[in-house]
Amino acid sequence: MEKGKMLYEGKAKQVFATSDPDQVLVYYKDDATAFNGEKKGTINSKGVLNNAISTLFFELLEKDGVPTHFLKKIDDRGMLVKKLKIIPIEVIVRNIAAGSLAKRLGWEEGRALPQPVIEFCYKDDALGDPLINRYHALALEAATSRDMDYLEEAGLKINRILSDYLKDRQTILVDFKLEFGFHQGRILLGDEISPDTCRFWDEATREKLDKDRFRRDLGQVEEAYQEMYKRIKG
Ligand code: TMP
């Protein structure tokens with residue numbers, strides 16, 4: 001697939017046109033940011049690892065009946081995907097309190113939630129991706145009520161599939177963020193699923209194996225991404 005002009009460059013990925021207007025190439029970079037771009041850095045091999053990890057997760061989800069934008073892995077850093085019109089709503093699913101949820105409710109990080117918690121954030125860098133509910137989403141005309149139902153159902157289903165898969169690999173899926181978009185009238189899962197967008201803890205030690213190592217300067221960042229690739233592949 002021929003790489004055309006760059007359509008978009010984000011913090012962690014670049015998107016290129018292809019000869020097919022319905023397909024784009026996504027390239028995963030080693031650049032890492034946190035706190036809405038305030039903290040910047042590089043994680044060696046992150047792009048290669050996130051491309052490989054996202055490929056495995058998208059394949060797993062497709063196999064279990066979740067429609068995604070994924071078509072195929074092209075090379076180390078690139079995947080071919082269906083072009084989406086992204087819905088500007090991040091869907092966050094949580095199994096254990098951590099990060100902004102722990103902070104907002106004054107909960108200890110690591111507190112188990114009796115059932116998964118779904119959150120929505122409005123994708124707007126200038127506003128810092130604020131937390132919203134479905135009424136805000138409707139008022140923003142970012143999604144319809146049916147779309148919101150789908151995002152919630154898909155989020156919970158993806159949570160079950162990924163949590164089970166990771167549990168068999170001695171890893172807890174603490175929380176994660178998803179993005180969806182429209183392709184030919186259908187909502188597909190888009191973006192990536194990687195240690196950049198999920199929290200993974202070792203089941204026995206609760207060691208962090210995700211981007212929190214970068215956000216919180218815990219060290220061994222690349223090693224954590226490598227370890228997650230090894231677990232997910234195995
Ligand atoms: P949070 O606890 O900081 O709100 O993060 C919840 C989940 O969403 C966590 O798995 C990390 C992921 N996430 C992103 O993918 N992108 C972001 O910009 C943020 C803030 C979180």
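Derivation of every value follows stated rules applied to the coordinates shown; laboratory data play no part. In this text the structure is predicted, and so the values were computed from the model without any measurement.
Could you check which residue among 166, 131, 178 shows the biggest mean-square fluctuation in a GNM of the chain with a 10 Å Cα cutoff?
Looking only at 166, 131, 178, the largest GNM fluctuation is found for 131.
I need the phi-derived Karplus couplings for the range 116-121: 6.51 cos²θ - 1.76 cosθ + 1.60, θ = phi - 60°, integer Hz, Gly and Pro marked x.
Per residue, the Karplus-derived 3J(HN,Hα) values read x, 10, 9, 10, 10, 10 Hz.
Counting pairs of Cα atoms in the chain, how many percent are more than 24 Å apart?
Summing the P(r) of the chain above 24 Å gives 44 percent of all pairs.
Hey, in the GNM for the chain with a 10 angstrom Cα cutoff, which one of 200, 176, 35 fluctuates hardest?
Among 200, 176, 35, the largest mean-square fluctuation in the Gaussian network model of the chain belongs to 35.
Residue by residue through the range 84-101, which ³J(HN,Hα) values in whole Hz follow from phi under the Karplus form 6.51 cos²θ - 1.76 cosθ + 1.60 (θ = phi - 60°), with glycine and proline marked x?
With coefficients 6.51, -1.76 and 1.60, one gets 10, 9, 5, 7, x, 9, 7, 10, 10, 10, 10, 10, 9, 5, 7, x, 5, 5 Hz.
Computed over the Cα atoms, what is the radius of gyration of the range 1-125 divided by 2.2 N^0.38 Å, N being its residue count?
1.22
Quick one: Karplus J couplings for the range 24-29, per residue in order, coefficients 6.51, -1.76, 1.60, θ = phi - 60°, nearest Hz, x for Gly and Pro?
Running phi through 6.51 cos²θ - 1.76 cosθ + 1.60 with θ = phi - 60° gives 10, 9, 10, 10, 8, 9 Hz.
Which value in deg cm²/dmol, rounded to the nearest 500, describes the helix-derived mean residue ellipticity at 222 nm for the chain, given -39,500 (n - 2.57) per DSSP H run of n ≥ 4 and division by the residue count?
That comes out to -9500 deg cm²/dmol.
Where the Cα atoms of the range 53-187 are projected onto their three principal axes, how long is each span, largest first, in whole Å?
Computed over the range 53-187, the largest-to-smallest principal extents equal 44, 41, 27 Å.
Over 23 Å between Cα atoms: which of 11/63; 103/230; 5/29; 39/167; 83/208; 3/85 fall into that group?
11/63; 103/230; 39/167; 83/208
Convex hull over the alpha-carbon atoms of the range 123-181: what's its volume per residue in Å³?
Each residue corresponds to 99 Å³ of Cα convex hull volume.
Amide H of residue 123: which non-local residues (sequence gap of 5 or more, or other chain) have their own amide H closer than 5 Å, using H built in the peptide plane?
Placed amide hydrogens put 89, 90 under 5 Å from residue 123.
What is the distance in Å between the Cα centres of the range 125-165 and the range 81-95?
8 Å
Just need the relative contact order of the range 183-234 here, percent rounded to a whole number, with Cα pairs under 8 Å and 6+ apart.
In percent, rounded to a whole number, it is 24.
How long are the three semi-axes of the equivalent ellipsoid for the range 112-234, computed from the Cα gyration tensor as the root of 5 times each eigenvalue, in whole Å, largest first?
28, 17, 14
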